[in-house]
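Okay, structure first, notes after.
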Amino acid sequence: MASLSEAGQARVRARSNIALVKYWGKADRKLNTPAVGSISVTLNDLWTDTEARFDPALETDRLLLNGVERADQLDRVSRCLDLVRELAGTDIRAKVTSENNFPTAAGLASSASGFAALVGAATAALGLTCAPRELSILARRGSGSAARSVFGGFVEMHKGTAADGSDSFAEPLADAATWPLKVLVAITARTEKAVGSGPGMSRSAETSPYYAAWVASHPPDLETARRAIAACDFELLAEVSESSCLKMHAAAMSTRPPLVYWNGATVDCLNCVRELRAGGLPAFFTIDAGPQLKAICLPGHEGRLKSALAGIPGVSDVLVTELGPGLERLE
Ligand code: DP6
């Protein structure tokens, strides 16, 4: 453990991830345990770099996100830092400086890479040696999807059953090189979403008549996705992923008041991917709580898919990435 009279500093990169079998709903709000497990892929080229600098001279934590002081996000960050401080036995405050290389909070899972990078940087800055599973549990307290960004490649988040959340963590299923899929992100809006995932899913649990069916029908999807990844069965992964995505959005849309995260271009992108697949191009879509469409394809097909998506009115950019690694310490 670091000498706590000294300032400690560390920088960590965490990558964004995209769930193929989605997380939507919480079991315990305080512990932030999910009501369902999830399976994701970690994206190589979409990341958050975070520096945590603990400084005895600071009276409060500070958060700079993409160069802007974000008092509105500070509470959530401080609560996560408190967990790390408790582990380290200190109450020194920290300045957190975070940069995303992609649009923040437009359904591109910035909280996933953000909280994974935060716990990675804060634990390292305080000299704690945490096993990846412990980091995943800490990251989950910040944001459920962040638990998955601790790891690279294909990742499964277990919902767990323990009352203290100790078995609610992510772990790797297969590394990025095992099945080198490509992921495309069609950007259809760059504004922050109106209702974030956390409040959105809580509202779905309270008001959607489809929420119970969403939770009850989830375990076979996880099982199918696991089987598809183990066998590198693209058709099977495509079918289960699109189904999980549409079930999640059915629960969201049937929430009161409704949560419609899509815009017109999102729907046009969805139809484009389906038509290309019907024509033989191995691709499928998924959409998180935002208007961006993510398309996953086998390597070699990303060029054609990118030009098709880029040609859709309302699509301002299409990012292409391969799968990437988990947390990385930066100098
Ligand atoms: C639609 O992880 O952002 O992206 O735990 O409240 O921070 P909190 O929610 P968050 O929810 C992500 C929801 C999703 C699906 C997914 O990533 O599995």
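The values are calculated or read from the model by the stated rules, or taken from the named source; none is laboratory data. A quick note: this is a predicted structure, and the numbers were derived from the prediction, not measured. As a convention, Cβ positions derive from the backbone with ideal geometry for all residues, glycine included, and neighbour counts pool all protein chains shown.
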(request) Collect the residues in the stretch 133-150 that are away from the ligand (no atom under 13 Å from the Cβ) and not hydrophobic (A, V, I, L, M, F, W, C), keeping them in residue-number order. (result) 133, 134
(message) Given the criteria at negative phi and in contact with a helix residue (DSSP H, G or I) (Cβ under 7 Å, 6 or more places away or on another chain), does residue 319 qualify?
(response) no
(request) Considering only the stretch 267-302, state which residues are in a helix (DSSP H, G or I) and farther than 26 Å from residue 229 by Cα. (result) 267, 268
(request) Six or more apart or on different chains, Cβ under 7 Å: which pairs go from a residue in the stretch 24-41 that's over 15 Å from residue 146 (Cα atoms) to one that's of a type in the set (Lys, Arg) and near the ligand (Cβ under 9 Å from one of its atoms)? Could you list them? (result) 35/26
(request) Determine, yes or no, whether residue 238 is within 16 Å of the ligand (Cβ to nearest atom) and in contact (Cβ under 8 Å) with a residue 40 or more places away in the chain. (result) no
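Rundown of residues vs (1) surrounded by fewer than 18 Cβ atoms within 10 Å (Cβ to Cβ); (2) at pLDDT 95 or above; (3) touching a helix residue (DSSP H, G or I) at 6+ places or on another chain (Cβ under 8 Å), yes/no style:
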{"residue": "79", "(1), (2), (3)": "yes, yes, yes"}
{"residue": "86", "(1), (2), (3)": "yes, yes, no"}
{"residue": "100", "(1), (2), (3)": "no, no, yes"}
{"residue": "108", "(1), (2), (3)": "no, no, no"}
{"residue": "116", "(1), (2), (3)": "no, yes, yes"}
{"residue": "134", "(1), (2), (3)": "yes, yes, no"}
{"residue": "141", "(1), (2), (3)": "no, yes, yes"}
(request) Could you tell me which of the residues 122, 94, 116, 88 is out of contact with any His (no Cβ under 7 Å at 6 or more places or on another chain), in contact (Cβ under 8 Å) with a residue 12 or more places away in the chain, within 16 Å of the ligand (Cβ to nearest atom) and of a type outside the set (S, T, N, Q)? (result) 116
(message) Checking the structure you have, find out if any residue of the stretch 250-264 is modelled with pLDDT of 95 or more and within 21 Å of residue 43 (Cα to Cα).
(response) no
(request) Sort out for me the strands (runs of 3 or more DSSP E) sitting completely within the stretch 150-220 that have 1 or more residues that are under 21 Å from residue 291 (Cβ atoms) and touching a residue at least 24 places away in the same chain (Cβ under 8 Å). (result) 182-187
(message) I need a count of the residues in the stretch 277-304 that are surrounded by fewer than 21 Cβ atoms within 10 Å (Cβ to Cβ) and within 16 Å of the ligand (Cβ to nearest atom).
(response) 0
(message) Consider the stretch 303-331. How many of its residues are within 17 Å of residue 154 (Cα to Cα), of a type in the set (Ser, Thr, Tyr) and part of a loop (DSSP other than H, G, I, E, B)?
(response) 0
(message) If I ask for residues that are within 16 Å of the ligand (Cβ to nearest atom) and polar (S, T, N, Q), which ones from the stretch 30-49 would you list?
(response) 32, 33, 38, 40, 42, 48
